Every structure is written in C-alpha cells, then in structure tokens.
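FYI, it's all coordinate maths here, none of it is from the lab. No experiment lies behind these values; they were computed from the predicted model shown. With ideal geometry, Cβ positions are generated from the backbone for all residues, glycine too; neighbour counts draw on all protein chains shown.
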C-alpha cells in the first residue's frame, strides 16, 4: 500500500480446489481489469475471470471428530474407556473435520496436555503421532478451520490413559525407597559393628600390653624394692656395726638406682595417661595446671554437653594429643591465654587454643627435625579415626582441634534416627535461644 510500507496485506490464494486452472508451462499469463471491477486472466490455454466484489465466504466452522486410537498397531474406538495397556510405545490418533465446500483446505491444530508445550501445526494432516509416552492420564485436544480460515475453537477432546507396569507404580517406588533406607541402615550398622570390633581389637592389644607392663613392674621394680627393704632390715639388726651398715647402704643405693631405671623404663612405655575412671577433662586440667605455667598465662577448661563414657583407647589417645598440645603451648606459644574445650555431642570434639606467636608454617606441615610431636598427634588422631586440624598465625595464635566420630568415641553411641533427630532439635533450640 502506498504510504504504509509496514501495513499487513491480506492475500487470498485461489488454486485448483477453487476452480482455477493455472498454466504449468513457462508462460506468463496476461491480466487485466474490466470497468465493472472484474479481473481477467488469460494464459495459453484458457481465459478466467474473478469478481472481487462478489466473493462468497464460508463462515461455517467445520465440526471436528476424533475417529480412533491406534496403539502399537491395535485399533481402539474413541468412545471406549481408552485405557491403553502398559508399555505402549507407538501411538496414533486419527481425527477429521467435516466441510463440504473445499474439504482439501481444512487445516488442523492439536495439543496433548501434559506432553506438548503448545499447539502443534500439522496442516491438513489428519493423524497425530506419539512415541514413548510415560504411564499416566492424558487429554488430546484438536481444532480445525475451514477453507476461509474460520476456526472451530471448541474442537474435539479425547481423554485416555496408559497403564503402568508393576515397576512404574507409585507403590513400587515407595517400596524401593523404604528398602533403600532399610538396607542403608543395615549396612551402616554393620559398618559400626566392624569399627567397634576393630576398636575392640586395639583395646585388647592395649590391655594385653598394660598387663605385660604390670607383670614386668611386679617382676622387676617391686622385687628390687622388696630386696632393698630386706637389706635395710638386715643392716638395722646390728646398728652399731658401721662396716655392715655401710655395705647395706651401698647395696640399697645401687638397688634403688636400678629400681629408678626400671620404673622409668616402664613408665616411659606407658607414658602419661588418664585415670582408671572416665575423667578426661580433669586429667587435661591437671596436665595444664601442673608443672611450670608461664607467668601471666591463664588456663581455662570447659566441658560442653553431658559427659559420656568414652572408649579407653579414644580416651588415652585424646589425652596424649591434648597433653602434647598443652605442653607445646606452655613452652613455645608465649601467650597469655590457654583454652581447653571438650564437647560431647553427636561426635566428640576436643580443642586446644592459645593467643601466642603461632607455629612456623614449615614446622606445622612437616614437623621440626628431631621432634615428633605434631607427627605423633596426627598418627594418634588417625588411629582413632579422628580428624586433626591445626590452624596457626602470628596474630591469633594456634588452634588445634580433633573431631572423633561418636560411633568410635562412645561406648554407647547414638546411631539411631531418633537420636539424630533429638540432637538436631537441641541444636535448633540452642541456636534460637539468644541467651
């Protein structure tokens, strides 16, 4: 249109279905317009005329009908319940529309709800094809327009469903989930039992070692002390004999020196440990406050949570890790504060921190030549399946923490789902309470 280059122009096309007889030869037809407004077209075979002022329009929308469903080459009537069998792979839906003017120009649109994202444009095709539909309920909606583009928006609707196989049902999924939870719980308990058994074996080894040391103390150290007592008693029988008294004192001095060496050897093999009772926190306090405490250093020991019975091996290894960390802080940190925290929760957490000068990064990674303190701490933590973390800086000091799983630490671990929920509830309440 002149003056409106962006305007939409409505174009009607007439073909053989409308009575037009086009020429298929390489010939450009002649066209003209008569004074009464009719258009004339002439080609090499025929002359044709159309009157734009007297065109008849088909205003009747075509009725739409769904004929049948073909599922895996089996025909189903569209009026049945339309419950298709399980594992239906290929699906064909046949539909049509009634138009007696130009039925060849009827066009369709269809959509399968819960599957197609929008309307599909098959043109004049009267079949819809689907493959690999999942089990469930579906609704097929098809609409059509006549030769003049008048749409039947209501169209036709077909509801059908595809039955699931036994392994596609919701009950089977629930059963699989429950089975997975049960099997996972069983495997977890088996693993806990394996870990407990391994810890038990180590405990038996440690117990046998202590029994051996006790026997050695009895057979050497105590016997030496007892022999020294007999020598002293023998010398006291004749206190006025200086020669005999001198020999007795010399022999006692030699035996006492031997007893000291034997006792030191036995104690070094056992090293320092906790008491026979489950008193890890008091033992750590004694280790911190005993010996030489640097001037100006304050020591604090805190226990968070309810103290629980610890496995003897875990208790001993944690004490030795803590004692090493405490002695290092007292000797090398030059700090004014030493804090020791023991937390009883789902897991056992042990923490030693100071505000001193920190550890040289090279020493923290590889240890100091000739010293095995940090390496020994890592080995002890690994022996009880603990996770050792060492953080150090010149501004904030050194922070050493060990986290041991509750299934390994405690003699009666909380491994059930209800215990986990109870601990989670306690953590939520504690976080929500500002005081």
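What length, rounded to one decimal in nm, is gained on full extension from residue 251 through to residue 47, with 0.36 nm per residue of separation minus their alpha-carbon distance? Working shown, then result.
Numbers: separation 204, 0.36 × 204 = 73.44 nm, distance 14.88 nm.
Roughly 58.6 nm would be gained on extension.
Provide the three semi-axes, in whole Å and in decreasing order, of the ellipsoid equivalent to segment 292-337 as defined by the square roots of 5 times the Cα gyration tensor eigenvalues. Intermediate values should be presented prior to the final figure.
Details: eigenvalues 128, 40, 8 Å².
Result for segment 292-337: semi-axes of 25, 14, 6 Å.
In nm, what is the difference between 0.36 nm times the number of residues separating residue 204 and residue 60 and their Cα-Cα distance? Walk me through the numbers before you get to the answer.
Working: separation 144, 0.36 × 144 = 51.84 nm, distance 9.58 nm.
The span from residue 204 to residue 60 would gain 42.3 nm if fully extended.
To the nearest 0.05, what FRET efficiency results for residue 67 and residue 174 with a Förster distance of 41 Å applied to their C-beta separation?
The computed FRET efficiency comes out at 0.55.
R0 = 45 Å: FRET efficiency of residue 166 with residue 119, Cβ-based, nearest 0.05? Display every interim value, and only then the final one.
On the way: r = 36 Å, r/R0 = 0.79.
Efficiency for this residue pair is about 0.80.
Give me the one-decimal nm value for the distance between modelled label points at residue 183 and residue 327, 7 Å along each residue's Cα-to-Cβ direction.
Each label point is offset 7 Å from its Cα along the Cβ direction, giving 5.1 nm.
Can you give the alpha-carbon Rg of segment 64-168 over 2.2 N^0.38 Å, where N counts its residues?
Against the compact-globule rule of thumb, the ratio is 1.12.
Calculated FRET efficiency, residue 379 and residue 126, Cβ-Cβ r, R0 60 Å, to nearest 0.05?
Efficiency for this residue pair is about 0.15.
Could you list the residues of segment 62-105 with an amide nitrogen less than 18 Å from a label point located 7 Å from the Cα of residue 137 in the Cα-to-C-beta direction?
In segment 62-105, the label zone of residue 137 (backbone N under 18 Å from the point 7 Å along Cα→Cβ) covers 79-86.
Stretched out fully, how many nm does the piece from residue 393 to residue 343 gain, at 0.36 nm a residue minus the Cα gap? Don't skip to the end; give the middle numbers.
Values: separation 50, 0.36 × 50 = 18.00 nm, distance 2.41 nm.
Length difference between fully extended and current span is 15.6 nm.
Which of the peptides 347-356, 334-343 is most tightly packed, and how do the rest follow, going by the mean number of other Cβ atoms within 10 Å of each residue? Present the calculation step by step, with values, prior to reporting the outcome.
Numbers: 347-356: 22.3, 334-343: 18.3.
Sorting 347-356, 334-343 by mean packing, highest first, produces 347-356, 334-343.
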